[in-house]
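First up is the structure itself, then whatever we jot down about it.
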Amino acid sequence: MQSNVPLAQYTSLAVGGLAEQLYICPSSDELQFALAETAGKQSWILGYGANVLISDTGLPGATLFLRGGEITRDGDTLIADAGVWWDEVVQFAIRESLWGLELMSAIPGGVGAAIVGNIAAYGQAVADTLAWVELYDRTNGETRRVQPSELDLRYRYSAFQTDKFRNLVILRTALNLQRTPTKELEYQVAIDVVREKGYDIGTLTGRREAILETRRRAGSLWDWHHPEDYLHTAGSFFRNPLVSDEAVENLMAFEEHGRTAEMLRKMNQLHGGASKRVSAAHVLLAAGFQRGQSWGPVRLHPEHILKIENTGGATAQQIYDVAQEIVQTVKAKLDIDLTPEVRFLGKFEEH
Ligand SMILES: Cc1cc2nc3c(=O)[nH]c(=O)nc-3n(C[C@H](O)[C@H](O)[C@H](O)COP(=O)(O)OP(=O)(O)OC[C@H]3O[C@@H](n4cnc5c(N)ncnc54)[C@H](O)[C@@H]3O)c2cc1C
């Protein structure tokens, strides 16, 4: 345990004030010790800090980062500790010739948060393969297993985001994989990369290479080992919103590539799995925001507008203010409610 440690170095956005007490836990067992030691205190459980905006005023109480753990195989099921870097699980599966995670290659972060946010990419989601989750209950110090049906897993959502689950910490999970492909690659942007580079997407390694290159082009890579080599973002800042049919028609009017309503609907279905879920990037463009638009050191990514970037020296409050401006402008101009995918931790000022 260390006291008064700057948190910016532990987050992908590279912002955040001091942790009153900081624990870095290299395994689920060590996390359990730290949880027992901090029982009754205000505490914050984090993985790799790739999906949070931590306030400049820092976090009171104990901040626990779970980073590290083991992966094992039992038949076609992989069992991974919550602190394992997600991409290590994907690579493990690929080495073992198991399908089901390959399209989620290189999503930054740990296994625990992967369940909390039901991470997804290019048509695959964690919920598709989840077998069970082992939890530590902070209210009584007990551990137990839960089934996916108890977790309300939906687009970028799980019950872990509710108050009811606030005291439950993920310790490990099991993922049921397959010996044959489970999904085709349907995303045009990735298919274009495959055509250009000639990757063999009939193989697991070929699919991984295609995804890595597609993610590299979209600025969607981040590795906690070398954060200085990557942009400071938290990935897509907002969820793709659910909107009314009328709003969908309004949005079409702003379609910059001349795509038909039918094409856009198909794209949007792929994005969110619901017929009226639209691309948040499209919504931002329709509301008048531009790729590469900046507010001092805070910028919308030049290609992927949904990523809010700290180009150097931004404060958490500046990033928060830009996010609020986007939410309010989108509401005022398009009557669409945008909700952040990124979690705000600590205190922020409302303007
Ligand atoms: C460049 C970039 C690209 C991205 N691309 C994608 C993408 O393609 N698809 C996608 O879905 N996401 C994407 N993201 C978002 C991010 O990768 C995921 O949200 C990831 O799951 C964050 O993991 P983390 O360990 O860093 O979580 P953290 O930021 O550390 O925590 C996120 C939340 O999970 C909770 N949490 C963490 N561990 C536990 C645990 N053990 N038990 C209970 N709660 C826990 C925390 O309290 C917090 O609320 C991207 C992010 C970046 C920076």
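For every residue, the table says whether it meets (1) more than 22 Å from I336 (Cα to Cα); (2) outside the structural domain of A106 (by TED's automatic domain parsing); (3) modelled with pLDDT under 75; (4) not hydrophobic (A, V, I, L, M, F, W, C).
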| position | (1), (2), (3), (4) |
| --- | --- |
| R217 | yes, yes, no, yes |
| W224 | yes, yes, no, no |
| S236 | no, yes, no, yes |
| R239 | no, yes, no, yes |
| E249 | no, yes, yes, yes |
| A253 | no, yes, yes, no |
| T260 | no, yes, yes, yes |
| N268 | no, yes, yes, yes |
| G273 | no, yes, yes, yes |
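Scoring F238 on the criteria (1) surrounded by 16 or more Cβ atoms within 10 Å (Cβ to Cβ); (2) more than 10 Å from the ligand (Cβ to nearest atom); (3) under 23 Å from W99 (Cα atoms) leaves a single failure, condition (3). Within the stretch 43-65, one or more residues are touching a residue at least 12 places away in the same chain (Cβ under 8 Å), among the β-branched types (V, I, T) and touching an Asp or Glu at 6+ places or on another chain (Cβ under 9 Å).
Within the stretch 140-164, the residues that satisfy the criterion of being more than 14 Å from the ligand (Cβ to nearest atom) and closer than 19 Å to W44 by Cα are N140, G141, E142. Only one of the numbered conditions (1) modelled with pLDDT under 95; (2) over 23 Å from Y230 (Cβ atoms); (3) surrounded by 16 or more Cβ atoms within 10 Å (Cβ to Cβ) is violated by H304, and that is (2). Of the residues making up the stretch 177-209, just one is of a type in the set (A, V, I, L, M), under 21 Å from V126 (Cβ atoms) and within 14 Å of the ligand (Cβ to nearest atom), namely A190. For the stretch 55-89, residues that are surrounded by 24 or more Cβ atoms within 10 Å (Cβ to Cβ) and within 20 Å of I201 (Cβ to Cβ) total 0.
Within the stretch 315-332, residues that are under 18 Å from D56 (Cβ atoms) sit with their Cβ atoms under 6 Å from residues that are among the acidic types (D, E), at 6+ positions apart or across chains, in these pairs: T315/D56; A316/D56; Q317/D56.
Here's the yes/no breakdown for (1) aliphatic (A, V, I, L, M); (2) at pLDDT 95 or above:
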residue: A174; (1), (2): yes, yes
residue: R179; (1), (2): no, yes
residue: T182; (1), (2): no, no
residue: V189; (1), (2): yes, no
residue: R195; (1), (2): no, yes
residue: D200; (1), (2): no, yes
residue: L204; (1), (2): yes, yes
residue: A210; (1), (2): yes, yes
residue: T214; (1), (2): no, yes
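Yes/no per residue for (1) within 22 Å of the chain's Cα centre (by Cα); (2) farther than 27 Å from A280 by Cβ; (3) of a type in the set (V, I, T):
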| position | (1), (2), (3) |
| --- | --- |
| N167 | yes, yes, no |
| A174 | yes, yes, no |
| G206 | no, yes, no |
| T214 | yes, no, yes |
| H225 | yes, yes, no |
| Y230 | yes, no, no |
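The values are calculated or read from the model by the stated rules, or taken from the named source; none is laboratory data. What you see is a predicted model; the values in this text were computed from it and never measured. FYI the Cβ positions are ideal-geometry reconstructions off the backbone, even for glycines, and counts take in every protein chain you see.
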